[in-house]
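Take a look at the structure below.
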Amino acid sequence: MPNGGFCKLPGGSVVVAIGLPSPARDGATVRFLVHAANRARALTRLRNLGLRAVYLRGNSEPPTPDEITAVLHHPDGLLWKSTPGAAQELWHPVRSLPREPAA
């Protein structure tokens, strides 16, 4: 089960933070931040990227205030970071997400 959570904003929208296995299948974990109108739409945005088994059960690791600020100030509202614990790595736009290697 992926670790993650959400935070409802005063305007009614939500920020979802969820840790998933890397799409590059290299064994790494990727933390995604998604800003959307509701939780269902946030998870749909991730599923549309090809991350099919994305479910959020519970609120064990909600987004931090810094993560909320990062995703709200990004025009796409969808960011990722490969090492959630490393302060040196910056958030990346979803367009730069590594894909599964070609066979």
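For residue 73 and residue 39, the FRET efficiency from 1/(1 + (r/R0)^6), where r spans their Cβ atoms and R0 equals 22 Å, is about 0.60. By its C-alpha gyration tensor, with a ≥ b ≥ c as the square roots of the eigenvalues, how is the stretch 1-51 shaped: rounded for a/c under 1.5, else prolate for a/b larger than b/c, else oblate? It is prolate, given that a/c is not under 1.5 and a/b is the larger ratio.
From Cα pairs below 8 angstrom and at least 6 apart in sequence, can you work out the relative contact order of the stretch 1-84, rounded to a whole percent? Don't skip to the end; give the middle numbers.
Values: 154 pairs, mean separation 30.4, N = 84.
Once normalised by length, the contact order is 36 percent.
Values in this text are rule-based calculations from the coordinates and carry no lab data. These numbers come from a predicted model, not from an experiment. Cβ sites come from the backbone with ideal geometry, for glycine too, and all protein chains shown count toward neighbours.
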